[in-house]
1. With +1 on each Lys and Arg Cβ and -1 on each Asp and Glu Cβ, and nothing else charged, work out how big the dipole of the range 199-283 is about its Cα centre, in Debye to the nearest 20.
2. Calculate the dipole size of the range 216-347 relative to its Cα centre from +1 charges on Lys and Arg beta carbons and -1 charges on Asp and Glu beta carbons; express the result in debye to the nearest 20.
3. Where Rh denotes the Kirkwood radius from the mean inverse Cα pair distance, what is Rg over Rh for the chain?
4. Count the net charge of all other residues whose Cβ sits under 9 Å from the Cβ of VAL134, scoring Lys and Arg as +1 and Asp and Glu as -1.
5. For the range 465-558, what log10 I(q)/I(0) values come out of the Debye formula at q = 0.14, 0.19, 0.25 1/Å, with one point per alpha carbon and no solvent?
6. Any chance you could look up the accessible area of LEU73 with a 1.4 Å probe, heavy atoms only, rounded to 10 Å²?
7. Using heavy-atom solvent-accessible surface (probe 1.4 Å) with all chains present, what is the largest-first order of ARG101, ARG424?
8. Give me, ordered by chain and number, the residues 5 or more places off GLU554 or on other chains with an amide H under 5 Å from its own placed amide H.
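The values are calculated or read from the model by the stated rules, or taken from the named source; none is laboratory data. Computed from a predicted model, the values in this text were never measured in an experiment. Glycine gets a Cβ as well: all are built from the backbone with ideal geometry, and neighbour counts include every protein chain shown. Surface accessibility is based on the protein's heavy atoms, side chains included, excluding ligands, DNA and RNA. Shrake-Rupley method; radii C 1.70, N 1.55, O 1.52, S 1.80 Å.
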Amino acid sequence: MSDATAGWGARHGDLDVLVVGSGVAGLSCALRLASGGLRVGVLTKGELVQSATRWAQGGVAAVLGGDEDSTDLHLADTLAAGAGLCDVDAVRVLVDEGPVRVRELIAQGARFDMGPGGDFARAREGGHSAARVVHAGGAATGAEVERALVEATHQTAAAVLEGWFALELLVESGRCRGVRSLPPLGADGAPAPAVDVRAAHTVLATGGAGQLYAVTTNPPESTGDGLAMALRAGVPVADVEFMQFHPTALHHPAMPRPLLSEALRGHGALLRDASGERFVDELAPRDVVSRAMAARMRAQGVEHLWLDATGLEAFGSRFPTISAELEAVGLDPASDWLPIAPAAHYLSGGVMTDLRGASALPGLWAAGEVACSGVHGANRLASNSLLEGMVFGARLAEAVLDGVDGPAPTGVMHALLDGGSDDRGPLDAAPLAQAGSAGTVPPPGDPSGPLDAAKAREDLQRVMTSGAGVIRDAASLDGAARAADLLRKAAPAVHDRASGELADLLDASRAVLRAASVRTETRGAHARSDHPDTDPAWRRRIVLSAGRVAVLDELVAP
Ligand code: SIN
């Protein structure tokens, strides 16, 4: 059912639950809630299938059998990749409940690749000590997961609001009551006035913010909308300095960048520098590989390195979608080394939630990439993202069905609710450097008048790529913050989806830049050339809340 009229609220009354976003987390949650008899709405700015989920390649990391593997090993690998910032309880939930959720998804119609013996085909990816990544269509896992979930959602009574852009959380008397939202354009192309879509519970499942960067594997929809709405409403957000860069995006003008799945390295593909030398363990966690690549590119003065997949057997049948993408750009993996460079891929932090998905604001929940559940820490382990969406989307739904109505001191919420914090000033504090010292960051054009939203978005992406990329420092972050401030001042008022996405990207950029400048160490996906070491005293979360920045007192358990 699609409803595109401004009278939606008046005609439908309040929903029990409004899910904003239609990827794996949002639909896993909506399906359960609708099956539980609640009045559910799924609001998405595109079509239901248009989520970052369908771009996910490698697969789902879950221990579904195999003598050499165990959930304890999966837990240990996730903690190691997360570089000391994972919440152990959250990871335990992830690895223990993951296998059940994968089997449920299969029961809902998802088809995973099977091996010759009739068991799941399993791949190994970076940071995993065993081959435990199950996949579909070779490296088209997200597309299959999304297909199955969309089809299942259409079988339920959930109301689907496609083409609706969420502007702001409705917060009344200390509780979230839904979202203010722009309906789709009218038949004559005219914008309709904003509508309040009201619900007893609101779930943010809006995905990530890869569009902050000029080079990203994320689709155009990944504009940090849920994160920005939470920030504007003062809801605590953490770990946003950890934007993960995927090491092996194809170096090609296409945007989003075609991804050369980590599974290729799991099958034996090699990384080579400009001289053809290997320089890093191909199966190290992603942050390690991306950082080594960025350093090598800088040292050799090149814009890309190489992935050598010439030794892989049956490339075309094992990776049909990647094979087709390479063929389309005239590359043959059997004979050509493939040009690659890191690209913004996944925001490890987000809206802080307890172990059942509740945020600090009663009535507001979050799951998937928009959330900080504590499972990723400073660097997400490969193929844990679809898993997180299905595990925590389901947990959240069960909590709502159980009548839970606010956060508990579990997971990352424990330190927030029960501990103290060290205030580091306002979120929008002026950058530290003096005017004129923009470091390496190119200033945006001439933002003396209101900017076109598309142009401003490109400027911001350039600014973030130069200032807050794989390797940052105080000067680059500071220059980026000042350039982003100029863009914010010149941004058009929010009146449509393009200007709304720009506002969200600008607010998300401020959060990423502030957190990244406060964290004076190198950890996981946050690499500072001016603070190259990991500092044990920094095993703490940086929280942005109610317009301020704070560092939680409590050390994260190792
Ligand atoms: C990949 O296939 O390399 C991406 C999977 C992921 O981001 O976990």
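1. Values: 5 positive and 9 negative charges, 34 e Å.
The dipole magnitude comes to about 160 debye.
2. Working: 10 positive and 17 negative charges, 53 e Å.
The calculation lands at about 260 debye.
3. Working: Rg = 22.0 Å, Rh = 23.3 Å.
Looking at the chain, the ratio lands at 0.94.
4. Working: positive: ARG122, ARG132; negative: ASP113.
So the surrounding residues net to +1.
5. Here the Debye-derived log intensity ratios amount to -0.58, -0.94, -1.28.
6. Near enough 60 Å² of accessible area.
7. On the way: ARG101 25, ARG424 100 Å².
In descending accessible area the options line up as ARG424, ARG101.
8. Result for GLU554 returns GLY420.
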